[in-house]
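S.K.: I have a structure here, written as structure tokens, and I will follow up with some questions on it.
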Amino acid sequence: MSTSETKDDESFFAAYWLYLVAGAVLLGSLAGLYFYPERGPWHGVIEAICIASALTLTVDPFVKKRLTHEVNKSIFYHVIGFDLPPAMQERLRTYLRALEYYRESLAITAKALRVEGEEVLMEITLEGQVVALTRCKYAPSLEFEDTEHGEVQELWARRTGETKKLIEWKASDPSAVTHRDPMTTGYNAPVAKLKTGDTLESFFRFTLRQRKQDYWVQTFGTTTLKTTVTLVPLAKMQMYASHKPVSSDNKYEYDRVFIIGEDIRIRWKVEG
């Protein structure tokens, strides 16, 4: 099973107004050059303003773009701490440029509800905080292998501090269920448009019906900074989470960053 959740507003508007003002000044100075006599006392000043405005509108954007590119190239070694082959550096740059939002925290709770014959019914809850790095589109989704028999109970997101849900999955939506890959079923929530700095609370709750000895995989579709896992087994049932030593209280804390495609596996076994 996998979950998945597209610049800076102030910089954009500052640049927009800068070039708007520069354009207006350029037009005004051109008009001044036309109406003022060539030998007039203000002719030289107007001419200088005209040249400065033209440079702001033409040369300045290209210089900034090139400077940013060169600086990024020169400091990349210092950012990552060692020199990687060019192909790997470019791959990392591409990954970072494409990062439109990240998940600040994720709390996973895996609870065994009951045993049904040779199967066990599991309830999984995912609670996270998503932070937008830029203007982007956010569309949370779930995808199950058909052998997991996954059923969505709740799937929604809302801005932190608000009670109104920004996104909510509805089974009645014709686009809510998809079969992108063979023998998988996807559940898609509506798309929401986010602004830079928006923080969302995301919530997923679903059930799985699997074998008495089996596992479930949380595949990260969003870069996540901190993850906690809480396991709630039945009596005479063992449950474990991967990448960590066995916990006596069934709680696991991960301080590492999980990037897209990495996973945590939760394994269980019902005895008897």
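S.K.: About its Cα centre, how strong a charge dipole does the stretch 100-270 have in debye, to the nearest 20, once Lys and Arg get +1 and Asp and Glu get -1 at the Cβ?
M.R.: Details: 25 positive and 25 negative charges, 72 e Å.
Here the stretch 100-270 has a charge dipole of around 340 debye.
S.K.: Name the residue from T219, G197, G150 whose Cα lies farthest towards the positive end of the charge dipole of the stretch 137-234, charges +1 on Cβ of Lys and Arg and -1 on Cβ of Asp and Glu.
M.R.: So the residue furthest toward the plus end is G197.
S.K.: At 0.36 nm per residue, minus the direct Cα-Cα distance, what do D173 and I259 gain on full extension? Give it in nm, one decimal, please.
M.R.: Full extension of this stretch gives 27.9 nm more.
S.K.: Separate question: Remind me, relative contact order of the stretch 100-270 in percent, using alpha carbon pairs under 8 angstrom and six or more residues apart? Walk me through the intermediate numbers first.
M.R.: Values: 422 pairs, mean separation 48.8, N = 171.
After rounding, I find 29 percent.
S.K.: How are the C-alpha pair distances of the stretch 167-212 spread across 10 Å bins, as whole percents from the shortest bin up?
M.R.: Binned Cα distances yield the sequence 18, 41, 30, 10, 1.
S.K.: What does the C-alpha gyration tensor say about the overall shape of the stretch 100-270? Classify as rounded when a/c is under 1.5, otherwise prolate if a/b is larger than b/c, or oblate. Before the final figure, lay out each step's value.
M.R.: Details: a/c = 2.02, a/b = 1.37, b/c = 1.47.
The shape class here is oblate.
S.K.: In addition: Say each of R267 and A235 gets a label point 7 Å from the Cα, pointing the same way as Cα to Cβ; how far apart are those two points in nm?
M.R.: 2.6
S.K.: Let me ask you something else. Can you tally the net charge around N188? Count Lys and Arg as +1, Asp and Glu as -1, for every other residue whose Cβ sits under 10 Å from the Cβ of N188.
M.R.: Values: positive: R180; negative: E143, D173.
Surrounding charge for N188 is -1.
S.K.: I would also like to ask the following. Take the Cβ-Cβ distance between L121 and M88 as r, set R0 to 35 Å, and report the resulting FRET efficiency rounded to the nearest 0.05. Write out the running numbers ahead of the final one.
M.R.: Numbers: r = 44 Å, r/R0 = 1.25.
Here the calculated transfer efficiency is 0.20.
S.K.: Test of understanding: ordering S175, S202 by Cβ neighbours within 10 Å, fewest first, what list do you get?
M.R.: Details: S175 8, S202 23.
Fewest-to-most ranking of S175, S202: S175, S202.
S.K.: Taking the simple approach of a point 7 Å from Cα along Cα-to-Cβ for both Q213 and K165, what is their distance in nm?
M.R.: 3.9
S.K.: For the stretch 86-99, just list the computed ³J(HN,Hα) in residue order, Karplus coefficients 6.51, -1.76 and 1.60, θ = phi - 60°, integers in Hz, with x standing in for Gly and Pro.
M.R.: Calculated HN-Hα couplings, in order: x, 4, 6, 4, 5, 4, 5, 4, 4, 4, 5, 5, 7, 6 Hz.
Computed from the coordinates by the stated procedures, all read-outs in this text should not be read as laboratory data. The structure presented is a predicted model; accordingly, all values stated were derived computationally and were not measured. Methodologically, a virtual Cβ is constructed for each residue, glycine included, from the backbone with ideal geometry; neighbour enumeration extends over all protein chains shown.
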